[in-house]
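Below is one structure, written out as structure tokens, with a few remarks after it.
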Amino acid sequence: MPVKVDDTIVTVTSPESPNTSIEILKFGATVLSWKVNGEEKLWLSEHSKLDGSKAVRGGIPLVFPRFGPSKGNHPATDKLPQHGFARNNEWEFLGQVDESTVQFGLSPEEISKEAQEQWGYDFKLIATFKLVSVDKLQLSIEVENLDTKPFDFNFLFHTYFRIPDIKHVQVTNLDNIKYKNQVTNMIETKVSGPILFNGEYDSIFENVPKRIVIDYKSSPYFTIETNQELHDAVVWNPWIEKANSLGDFYPKTGYQHMVCVENGSVTKFNNLNPGAKWEGVTTFTAN
Ligand code: TA6
């Protein structure tokens with residue numbers, strides 16, 4: 001059965017392969033699992049809360065309307081939690097578009113009263129998840145301004161890719177690009193060559209190419225392709241100290257088996273006029 005809906009999770013199974021599927025938690029419209037021919041492609045903490053008590057640790061949390069912690073420079077989002085409210089509210093399951101595509105919606109009615117008061121705008125988010133083929137997953141987000149005044153927002157797919165061993169991972173196509181190193185808090189101009197991991201890594205790259213490749217042992221492992229709206233990328237691995245400091249990150253050695261490569265629009269706010277729509281699209285290929 002291509003689409004199965006229960007109280008908390010929607011499962012889409014590829015019509016081409018019964019062992020290829022995605023599982024989406026209605027809370028946060030968070031993809032918990034993406035299996036390709038039975039092989040799990042996302043990392044999910046074994047201590048992740050799936051009961052709606054907090055944002056999922058792992059999978060693909062959705063970051064909106066602000067990326068990162070409050071910077072005290074944006075009244076509409078400064079009082080919101082880190083990474084905004086989209087990932088920690090229950091979305092409405094809107095149904096299936098076809099046998100391999102489902103949609104979820106979020107609007108002021110679905111978010112907490114507190115978030116409504118803090119954010120204050122009328123909006124509609126529609127998240128679409130599509131199993132394009134056995135090895136391709138497409139995610140898209142549509143943001144619509146239903147208010148009478150413009151609003152600013154960030155958006156990001158906070159994807160935790162599962163990999164066999166971080167020691168052999170390289171993220172390519174982000175060289176010679178301006179980025180902010182969040183570990184050293186420095187604006188640095190370029191990485192020459194692929195990104196390697198040998199400690200906590202947390203950087204925000206601005207205006208990235210439409211294709212980013214995660215290599216494993218020098219061969220493509222995941223290919224990420226995005227539209228122009230998702231022009232920034234965040235690369236993150238917590239390494240051991242940060243993993244130890246995150247209560248819901250488990251096992252603590254899990255940092256060896258995940259890398260976050262996150263497509264978004266986060267280096268500056270998007271301004272959306274009343275009645276206007278914005279759409280971010282990204283496609284993952286498991287090579
Ligand atoms: O995307 C990288 C990042 O902003 C890191 O700085 C780290 O905070 C990570 O997100 C996880 O954030 P979270 O709020 O989910 O613990």
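When we screen 227, 271 for residues that are on the phi < 0 side of the Ramachandran plot and more than 19 Å from the chain's Cα centre (by Cα), the only hit is 271. Residues that are touching an Asp or Glu at 6+ places or on another chain (Cβ under 9 Å), crowded, with 21+ Cβ neighbours inside 10 Å and either touching a residue at least 40 places away in the same chain (Cβ under 8 Å) or more than 30 Å from residue 147 (Cα to Cα) (or both) occur in region 212-220; there is at least one.
The set of residues from region 153-183 being more than 17 Å from the chain's Cα centre (by Cα) and closer than 15 Å to residue 264 by Cα comprises 174, 179, 180. For region 86-94, the criterion of being away from the ligand (no atom under 16 Å from the Cβ), over 22 Å from residue 271 (Cβ atoms), at pLDDT 95 or above and among the basic types (Lys, Arg) is satisfied by no residue at all. Here residue 57 meets each of (1) in contact with a Ser or Thr (Cβ under 8 Å, 6 or more places away or on another chain); (2) surrounded by fewer than 14 Cβ atoms within 10 Å (Cβ to Cβ) with one exception, condition (2). From the list 207, 176, which residue is more than 16 Å from the ligand (Cβ to nearest atom), surrounded by fewer than 20 Cβ atoms within 10 Å (Cβ to Cβ), assigned to a loop (DSSP other than H, G, I, E, B) and modelled with pLDDT of 95 or more? Within the list 207, 176, the selection yields 207.
Once region 95-114 is narrowed to residues that are assigned to a strand (DSSP E or B) and more than 20 Å from the chain's Cα centre (by Cα), the residue that is surrounded by the fewest Cβ atoms within 10 Å (Cβ to Cβ) is 98.
Somewhere in region 30-43, is a residue within 16 Å of the ligand (Cβ to nearest atom), in contact (Cβ under 8 Å) with a residue 24 or more places away in the chain and buried (at least 23 other Cβ atoms within 10 Å of the Cβ)?
yes
Take residue 60 and decide whether it is of a type in the set (Val, Ile, Thr) and closer than 30 Å to residue 182 by Cα. Answer is yes for this residue. Among the residues of region 234-247, those identified as within 10 Å of the ligand (Cβ to nearest atom) and surrounded by 15 or more Cβ atoms within 10 Å (Cβ to Cβ) are 234, 235, 236, 237, 238, 242, 246. Could you say whether any residue in region 45-54 is in contact (Cβ under 8 Å) with a residue 24 or more places away in the chain, of a type in the set (Lys, Arg), under 24 Å from residue 166 (Cβ atoms) and out of contact with any Ser or Thr (no Cβ under 7 Å at 6 or more places or on another chain)? Looking for residues that are in contact (Cβ under 8 Å) with a residue 24 or more places away in the chain, of a type in the set (Lys, Arg), under 24 Å from residue 166 (Cβ atoms) and out of contact with any Ser or Thr (no Cβ under 7 Å at 6 or more places or on another chain), one finds none in region 45-54, hence no. Residues in region 179-202 that are surrounded by 16 or more Cβ atoms within 10 Å (Cβ to Cβ), within 13 Å of the ligand (Cβ to nearest atom) and part of a strand (DSSP E or B): 179, 180, 201, 202. Filter region 65-77 for residues that are more than 8 Å from the ligand (Cβ to nearest atom), surrounded by 12 or more Cβ atoms within 10 Å (Cβ to Cβ) and either modelled with pLDDT of 95 or more or of a type in the set (Gly, Ala, Ser) (or both) and give the result. Within region 65-77, 65, 66, 70, 76 meet the criteria.
The values are calculated or read from the model by the stated rules, or taken from the named source; none is laboratory data. Only a predicted model underlies this, so the values are computations on that prediction, with no experimental measurement involved. Here the Cβ is made from the backbone with ideal geometry for all residues, glycine too, and neighbour counts use every protein chain on show.
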